Structure formats: structure tokens, C-alpha cells
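A quick write-up on the structure given underneath.
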Amino acid sequence: MVRLAEGEVLLTDGPFTEGKEHLGGFTVITAPDLDAALKWARRLAATTTLPIEVRPLQG
């Protein structure tokens, strides 16, 4: 999870909420590795102020 807290972008383990408790958008990006994906997530969290959950997908 990448989220904005007190003006700073934080990285934490685990989902933001469990199962039915949260419904949000779904964004798919192409990134060369997890570090690059987390960089995008940090930018999105800072811009939208929403928590961003990062998960790998295989195409």
C-alpha cells in the first residue's frame, strides 16, 4: 500500500481494507519492476490523496 499521511507518502504492507469493505478504481500500468511500479504509486497517492494498492499482474 502506498498512501499519503500528514503530507508524506508512506509505504506499508498489506491491503488497505479487506474484501467487501472497499470498492475503488483499477489501474493497470506497464512497469519494468516493482520499484518502478511503486514510484508510479507514490505519484498517484500524492496527487489523488487516495491509498494505492500495488499488485503484480501477468499478461
Checklist line | Amide H contacts of I52 (H built 1.01 Å from N, under 5 Å, at least 5 apart or other chain) | finding: V2, R3
Note to self: Under a crude label model (7 Å from the Cα following the beta-carbon direction), how far is L11 from K39 in nanometres?
What the structure shows: 1.2 nm
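All of the numbers you see were taken from the coordinates with simple rules; none came from a lab. None of these values were measured; they are calculated from a predicted model. We place every Cβ from the backbone using ideal geometry, glycine too, and count neighbours over all the protein chains shown.
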